[in-house]
Amino acid sequence: MTTLLLKLGGSVITDKDEPETVDEDALEAAAASLGAVDFDRLVVVHGGGSFGHHHASAHGVSRTDGSTDAGAVRDIHGAMCELNDAVVDALADEGVPAVPVHPFSAAYRSDDGHLVHPTTQLAAMLDQGWVPVLHGDVVTHDDAGATILSGDEIIVALAGNLGASRIGLCSTVPGVLDDDGDVVPEITAYEEVADALGESESTDVTGGMAAKVETLLALDSDSYIFGPGDLDAFLAGEAAGTHVRT
Ligand SMILES: Nc1ncnc2c1ncn2[C@@H]1O[C@H](COP(=O)(O)OP(=O)(O)OP(=O)(O)O)[C@@H](O)[C@H]1O
Ligand SMILES: C=C(C)CCOP(=O)(O)O
């Protein structure tokens, strides 16, 4: 039984420069790709794009800077739930048995920043044949109020417990790019690409590509970073974008 773990980048499914705007065409295309695949088990996580990051930035909340303001939590979480509704609906329209899962309700960080995210409820959903759709979110952080939980961190938190066999991050870029703008086919250590790695070009409180590579290298299994053009290849088990080897 194979378990696919896929993150749809917020930069793919939203217009990251226009607050709270879904990129309908891109979302429909991604949903159609997932609807066309015969998978055993699939978990989808999506990022914040122009929904979460603008609110997080406005409230001064990041992965490390927290807020104790319940209104800030409602704003950021509410925007992400709205995007989650759009993603679940788009998948459902393509025949994918998608169900919403909101990390704020279940996960927390300890005061040293360690993320605790339960997975038994997700395993039960997968047993029903459903596709849980999670999202980057705010998360209660001991002694710091709430901080931002990126979709990339969720992928890492779930991978081991759910026994993911294939892990992919679909972003707007075709992979990790080197100084010449070419896709780096394989990364085994952060230093190999550190000089070329930067933050996102849009409002992004979770660190762009540099944080993505660092997060994926912390996994016990290999993963892929690729663009929408390689989504079908990834789902088919073929080479896609940059292969992050651990
Ligand atoms: N060396 C690099 N290779 C590829 N992208 C890079 C590089 N350095 C910086 N970037 C930026 O990182 C961005 C990808 O990170 P970003 O966090 O925006 O992606 P995402 O996960 O799709 O979106 P979100 O965080 O909203 O879910 C690219 O669009 C690009 O602007
Ligand atoms: C900004 C919020 C709320 C979520 C960020 O998730 P990411 O886009 O996966 O980094």
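The values are calculated or read from the model by the stated rules, or taken from the named source; none is laboratory data. It should be emphasised that the depicted structure is a prediction, and the values quoted were computed from it without experimental measurement. Ideal geometry is used to build each Cβ from the backbone, glycine not excepted, and the neighbour counts take in all protein chains shown. Calculation scope for accessible area: heavy atoms of the full protein, side chains included, ligands and nucleic acids excluded. Shrake-Rupley method; radii C 1.70, N 1.55, O 1.52, S 1.80 Å.
Observations
- Computed over protein heavy atoms with a 1.4 Å probe, the accessible surface of the chain works out to 43 Å² per residue.
- Selection of GluC sites (Glu not before Pro), region 133-218, meeting DSSP coil and at most 14 other Cβ within 10 Å: GLU199, GLU201
- Principal axis dimensions, region 165-241 - Cα atoms, whole angstrom, descending: 31, 25, 25
- Mean Kyte hydropathy of -1.0 or more with a Cα span along the axis of at least 27 Å, helices from DSSP in the chain: 70-93
- Residues with amide H under 5 Å from that of VAL45, placed H, sequence gap 5 or more: LEU6, LYS7, LEU8, LEU134
- In this view, the solvent-accessible surface of ASP93, computed with a 1.4 Å probe and all protein chains in place, comes to about 130 Å².
- Between the C-alpha center of region 84-103 and that of region 20-83 there is a gap of 12 Å.
- Distance between the modelled labels on SER221 and VAL99, one decimal in nanometres: 2.1 nm (7 Å Cα→Cβ projection).
- Listed residues TYR224, TYR190 arranged by accessible area, highest first, probe 1.4 Å: TYR190, TYR224
- Per-residue packing, averaged as other Cβ atoms within 10 Å, sorts the ranges 9-19, 75-85 into the order 9-19, 75-85, beginning with the highest.
- ALA92-SER57 pseudo-label distance in nm [points 7 Å out on the Cα-to-Cβ vector]: 3.1
- Computed from backbone phi, the HN-Hα couplings of region 227-232 come to x, x, x, 9, 4, 5 Hz, rounded to whole numbers (Karplus: 6.51 cos²θ - 1.76 cosθ + 1.60, θ = phi - 60°; Gly and Pro given as x).
- Inter-label distance for ASP179 and ALA36, nm, one decimal - labels placed 7 Å from Cα along Cα-to-Cβ: 3.9
- Multiplying the residue separation of ASP15 and ALA29 by 0.36 nm and subtracting their alpha-carbon distance yields 3.6 nm.
- Each peptide in 135-144, 161-170 was scored by the mean count of other Cβ atoms within 10 Å over its residues; highest first, the order is 135-144, 161-170.
- Summarised as an ellipsoid, the chain has semi-axes of 24, 22, 18 Å, derived from the eigenvalues of the Cα gyration tensor scaled by 5 and square-rooted, with the largest first.
- Calculated mean residue ellipticity, 222 nm, the chain: -10500 deg cm²/dmol, from DSSP H runs (n ≥ 4) at -39500 (n - 2.57) each, averaged per residue and rounded to 500.
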